[in-house]
Amino acid sequence: MSSNNTAPAPTGRRWVWFHRFGSPAWIYGFSTRWAPVCGWIAVVLFAAGLYLGLVVAPPDYQMGDSYRIIYIHVPSAWLSMSSYAAMAVAAGVGLVWHLKVADLVARSIAPLGAMFTFCALFTGSLWGKPTWGTYWVWDARLTSELVLLFLFIGYMALSAAIEDRRTAARASAILALVGVINLPIIHFSVEWWNTLHQGSTVTQLGRPTMDTRMLVPLLVMFLAFNFYFAGAVFNRLRGELLHHERRTRWVQELAHG
Amino acid sequence: MLNRPAPFPDENRLEATEIECLRGFQSLFRSLSLAVEAGVGLQVRGANGSGKTSLLRILCGLALAESGSVFWNGLDIRKSAAEYRAQISYLGHRPALKGELTPRENLDVLGALHGRRPDGRRIDEILEAVGIKRRHERPSRTLSAGQQQRTALARVMLSDAPLWILDEPATALDDPGIGTLRTALRGHLDRGGLVIFTSHQPLLDTGELREIRLPGTHD
Amino acid sequence: MTDHDQASSAQSLWSGFLSLLRRDLRIALRERNDLVQPVLFFVVVVSLFPLSVAPDRQLLQDAGPGIIWVSALLATLLALDSMFRPDYEDGSLEQLALSPQPLSLLVLAKAAAHWLASAVPLIVVSPLLAMLMQLPGNATGVLALSLVLGTPALSLIGAVGVGLTVGIRRNGVLLSLLVLPLYVPALIFGAGAVQSVMISQDPTPHLLLLAAFSLFTLAVCPLAAAAAIRISLN
C-alpha cells in the first residue's frame, strides 16, 4: 500500500501519469467525480433509447413487436463479452505491474459482467418463446453466453475462495487471462458445433440489415449500457478501494473528516 | 567419510533491504534489513507467529515481500531468479520426500532437479553421514520423523549450493542427529558457505553466528 | 514468472524433465489406486447411461460418443487433484519452484506423467465402452484416436486449474467450475469426430481441430500453470 511512497523516483511524464493512476486516493476522487456523471448520462440515454425503440421504431414484418427485446439483449451480449475482455486486461495489468488499483478494477468488473451475461441469456430465452416456441434453444450465441457465464462464475468463485486478497487477485488474474485467450476458441467451437447440428437457418437476433429507425435506438441503447457500465464500475471501485485501503490515512481522514 | 569439497567464492553475499511483510492487513515486520557474507550463519529469532518462516520464504524467493528487495551478490533476486535458485538450498517445514520412494530415489530426483543428476556413490556417502544406512532402503513413509528430517538434511548437503536456508532444521532430530546437523553447518561455513536458519536450539558457536530478532508481542 | 534460464544447459533441462517424469510414473506404479480408480469410474459412469434411458441400439449409438466423451472429462477431472496436491502437502512443490530449471518445463513433465498414468488407461478401455454403446467398428478407432488427441488438452488445462486451487482446502467443486467450461472445445471436436464417422462423414477436420487445440494448450498451459503454482505457494 505504501509502496508508492518508497518506490524510486519516477522519471518522465509517462511515469508521473502511471504513478498517479496507481494512487488509490487519486483514483477514489476520480471515481467519485465521474460515477454520477456516467450514471446521469446513462439515465438520459436509456430514456431516449427506450422511447425510440419501443415507440418510434416500427414493428418487424416477421417478428412483430417481440423483436424489440434486442434493445436489451444485444447491448447486454456485447457488454458481457467486452467486460470479460476488460476484466482480463485489468487483471493482467495488475499481475504484471503489481498495480493494486488494476486488481480492484478487475474485481469490480466481474459481477457486472456476470450480470450482463445473465441479462443476455434471460432476454434471449424470453425472445425464444414467441420465436421458437420454447424458452431455450441451443443457439450458438446463447450457448456461448452460457459458457461465458460459467467463466465469470468461476472467476468470482476463485477470487472468493482465496483468503489473502493479493493472492486471490493474482490467481484469478491468471484464470481471466487463460479464459480470455480461450474465449474465441470456445466461441468458434460452439459455432462449428451449431452449424453441424442445426442444419436449417435459424432466425438470429440483430441481423445486419436493419431499418435505420430500428438501428438508431440500438446504438443509443448500446451507449447507455456503456455509460451505465462505466458508472457502475466507478461506484464498485470506490467500495473496493475503501475496503482495501481502510487502514490508510486518507480513508481514516475521509471517515472522520 | 566425506572427502573435502572445493571452497565457495569468498565474495558471496546475501542482502535484504527494507523488507516489509504483511499477514492479512497486519504488518508482521517492516523496514527489516539484513546481510550475510560467506562463512557466516544467521539465526532468525522471534516468537511463534512473528514471521520467521515468512522471512525465510521471502529470502529464498518463494513469497513476495510487500515492499523491499533481496539481493544476491548485488543482483535483485527477482531479476535473476533462475541463477539465484541455483545458489540456494531450502529446507522447509515439510521434508519434501515422496513417501512411495526410498530416500535414495528421493535424493536422486531432487538432485537432478537442482541442476545435474548426482552420482550414486555421493548419495550413499551423504546418507551415511546423516545416519541413514543402506538397510533403510525402503519407502520413505516408513521412516520416523527424525529419519525423514535427516534425509531432508542430506538433500541440502547434496545440493552443493552456497546458501542454505533452513527452517527449524533441528525439528524431530535426536541428540546424535543434532550433532550431525551441527557438524554439517560448521563444515558448510568452513567451506565459505552461508546459512540462514531458525531454531530454538543453539546450533552454532557464537564466533560464526549472527542473530536477528523479529519484533513480536512476547519472547 | 520469468522462467528464462540461461544458466543450465539443454542437457540438464532434459535430465530434470526426465527425472521428474520417471519419478511420477514410478509413484503411480507403486500407488496403483490412482491408476485404476479413474478407469473404473469411467466404465461405471458410461454403463449407467443405458440404465437411465433404454437399451435401444439407435439411441445408444446417437448418444454414445457424447456420453463417452463427457465421462472421459469427468474421469480426468477426478484424477486431476492428484497432479499437484501430494507435492503441495509434502513440500515437494516448493522444491520444484526453487529448482533452477524452468518451472513450466517441470509442470509439463508432471502433466505428461499424469496423462500417461490417468488418460492412457481411459484410451485403452475405450473400445470396450464403444462396444457397450453399440458403436460400429470404424467409430471405435476414431473414438480412441480422438481421446489420444484430446486428452492431453484436458491434462494441460487441468494443470492450470489445479495450480490455481492447490492452496485451497476442499477445492473439488471449485476446480470443476474453473476447468469444465474450458474443456468445451475438446468435447465438441472429440465427440464430433466420432459422430461424423457414424453418419459416414470424414472425421479428419474434427480430429485436426482437436489436435490444434491440444497443441495450443501445450503452448499456453505450462506457462500459466507455472505462474499459478508460484502464486499458490506465496
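If you average the sequence gap of Cα pairs under 8 Å that are 6 or more apart and divide by the length of chain C, what percent do you get for the contact order? In percent, rounded to a whole number, it is 26.
Computed over neighbours whose Cβ is under 12 Å from that of B:GLN149, the net charge equals 0, Lys and Arg +1, Asp and Glu -1. Sequence-distant contacts, meaning Cα pairs under 8 Å at least 6 residues apart, place the relative contact order of chain A at 34 percent.
What the phi angles of region C:85-96 give under the Karplus curve with 6.51, -1.76 and 1.60, with θ = phi - 60°, is a coupling list of 4, x, 5, 5, 6, 8, x, 5, 5, 4, 5, 5 Hz, glycine and proline written as x.
For the pair B:ASP76 and A:SER23, a Förster radius of 22 Å applied to the C-beta separation gives a FRET efficiency near 0.35, rounded to the nearest 0.05. Seen through its C-alpha gyration tensor, with square-root eigenvalues sorted a ≥ b ≥ c, the protein assembly as shown comes out oblate because a/c lies at 1.5 or above while a/b is not bigger than b/c. In summary, the convex hull built on the alpha carbon positions of region C:106-166 has an orientation-averaged projected area of 4.5 nm².
Angle of helix A:140-161 to the longest C-alpha principal axis of chain A, folded into 0 to 90 degrees and rounded to 10: 20°.
Neighbour counts of other Cβ atoms within 10 Å put C:PHE216, C:PHE84 in the fewest-to-most order C:PHE216, C:PHE84. Helix B:120-129 and the longest principal axis of the C-alpha atoms of chain B enclose an angle of approximately 70°. Counting beta carbons within 10 Å around each of C:LEU207, C:LEU180, C:LEU29 and listing the fewest first gives the order C:LEU29, C:LEU180, C:LEU207. Taking packing as the residue-averaged number of other Cβ atoms within 10 angstrom, the listed peptides C:32-43, C:108-119 run from highest to lowest as C:108-119, C:32-43. Report, to the nearest 10°, how far helix A:70-97 tilts away from the longest principal axis of the Cα atoms in chain A, using its own Cα long axis and a range of 0 to 90°. It is inclined by approximately 30 degrees. Taking a ≥ b ≥ c as the square roots of the eigenvalues of the Cα gyration tensor, an a/c ratio of 1.5 or more together with a/b no larger than b/c marks region B:13-55 as oblate.
Its relative contact order, with pairs defined as Cα atoms under 8 Å and 6+ residues apart, puts region A:40-165 at 23 percent.
A simple charge model with +1 on the Cβ of Lys and Arg, -1 on the Cβ of Asp and Glu and nothing else charged puts the dipole of region C:28-119 at about 240 debye relative to its Cα centre.
Close amide H pairs (under 5 Å, H built 1.01 Å from N) link B:LEU166 with B:LEU91, B:ILE196, B:PHE197, B:THR198, residues at least 5 positions away or on another chain. Farthest toward the positive end of the dipole of region C:42-166, out of C:LEU98, C:PRO127, C:PHE42, is the Cα of C:PRO127, where the dipole comes from beta carbon charges about the Cα centre. At a Förster distance of 45 Å, what's the computed FRET efficiency of A:GLN62 paired with C:ASP62, Cβ-Cβ distance as r, to 0.05? The formula returns an efficiency of 0.85 here.
Extending 7 Å from the Cα toward the beta-carbon at both A:SER82 and B:THR53 defines two label points whose distance is 4.7 nm. Counting only DSSP beta bridges with both residues in the protein assembly as shown, the antiparallel share comes to about 45 percent. Computed over chain C, the range of Cα coordinates on each principal axis works out to 59, 34, 30 Å, biggest value leading.
Name the shape class, rounded, prolate or oblate, that the alpha-carbon gyration tensor gives for region C:89-216, where a ≥ b ≥ c are the square roots of its eigenvalues, rounded holds for a/c under 1.5, and otherwise prolate holds if a/b is larger than b/c and oblate otherwise. Verdict is prolate for region C:89-216. Please give the net charge around B:TYR90, taking every other residue with its beta carbon less than 11 angstrom from that of B:TYR90, where Lys and Arg add +1 and Asp and Glu add -1. With Lys, Arg at +1 and Asp, Glu at -1, the net is +1. Of all stretches in chain A that contain no trypsin sites (Lys or Arg not before Pro) in a DSSP loop with at most 14 other Cβ atoms within 10 Å, the longest one is A:1-245.
The calculated 222 nm mean residue ellipticity attributable to helices in chain A amounts to -27000 deg cm²/dmol, summing -39500 (n - 2.57) over DSSP H runs of n ≥ 4 and dividing by all residues.
For the peptide C:192-201, the mean number of other protein chain Cβ atoms found within 10 angstrom of a residue's Cβ is 1.
Read-outs throughout are calculated quantities, based only on the coordinates presented, and are distinct from any laboratory measurement. Remember, predicted model here, so these are calculated numbers, not experimental data. Cβ: placed from backbone, ideal geometry, glycine included. Neighbour counts: every protein chain shown.
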